[in-house]
Structure formats: C-alpha cells, structure tokens
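Since every read-out is calculated from the coordinates, none of them should be taken as a lab result. Model, not experiment: these values are computed from the prediction. When we count neighbours, we look across all protein chains shown, and the Cβ atoms used for this are built from the backbone with ideal geometry, even at glycine.
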Amino acid sequence: MAALTITASNVVPASVSGLTPTYERGIAGAAITAGYPVYKDSTDSDKLKLADANASEATAQVVGIAVHSATTGQPVTYQTAGPISYGAILTKGEIYVLGATAGDICPADDLSSGWYTTRLGHAHSTSVLIIDLRVTGVTTT
C-alpha cells in the first residue's frame, strides 16, 4: 500500500458516539499541513514540525495531528485523541502508523525495517480516523 493522500481542506472534526476529540496548541517550527502528524522539536523550543518514522527517534515522537495548516512561527492546533475526518480514503478497521516521509500516514502493513513504530490510530470508517497515539520508541527489524 502507500501513504494516505490527504486533502488539507477536508480535515475536519468528526463525530463518533462516545468519543470526544482532544486538542492542544503550539507554534509551527516549519510549514505544517492540516491532517499531518506533528512532533515537538526539543532542539527548537518545542516548536511543532512534521513527524517522520525513519529520521530519528525524536521525529517519531508524535504528539498529534494538525487540524489546520500553518507556516513557520504561526500557532497550530493539533488533535491528540478522538475522531478526525480526513477526506482521504481509509480502510475501515485498518491500523495506521507514521510513515517514513515527513508527515506521511501509512497502513501498519507498510512498516519497514528501521522505522520507529508510532501508531496513530485506526479507521472507524472510510473517512474517519480514531486517533489513539502509541509512541513506542522501538525500530522495526
């Protein structure tokens, strides 16, 4: 399979009975696109940047998924848990993980040797992802 194709303008809150989205805010340390996973760069005042599964353990420490786009220095809201609607085509029941290109979201079957395993969540439907972050700090072999 391949990384999800995310249409930033389609990233919106989703409603799933019994689940409430949670959000946090930060400052962009680079250009960020809505729908992409972000991490806090401890070497840059904890500014938010696009997460990446194979650059380093630090870049795989996903804190959430950006709910809007931002440029460097702008405030960013990111979702840390709960349902989010993508507009990307998901496979219901599939587990999604951080990909090897900054900001990518991939099906778990795409995990490859050397990637830091970071579970982002699972597809509730073909358009709604339930964010349920699990940052392991472990690379695949």
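Applying the criterion of being hydrophobic (A, V, I, L, M, F, W, C) and part of a loop (DSSP other than H, G, I, E, B) to the residues of segment 1-18, the residue that is farthest from Ile65 (Cα to Cα) is Met1. Of all residues in segment 122-141, those that are farther than 13 Å from Val97 by Cα and assigned to a loop (DSSP other than H, G, I, E, B) total 5. Candidates Gly103, Gly64, Gly29: the one that is in contact (Cβ under 8 Å) with a residue 12 or more places away in the chain and either farther than 18 Å from Thr7 by Cα or in contact with a helix residue (DSSP H, G or I) (Cβ under 7 Å, 6 or more places away or on another chain) (or both) is Gly29. Residue by residue through segment 101-139, note down the ones that are closer than 13 Å to Thr59 by Cβ and buried (at least 18 other Cβ atoms within 10 Å of the Cβ). Listed by number, the residues that qualify are Ala102, Gly103, Asp104, Trp115, Tyr116, Thr118, Val135. A count restricted to segment 106-121 and to residues that are in a strand (DSSP E or B) and on the phi < 0 side of the Ramachandran plot stands at 7.
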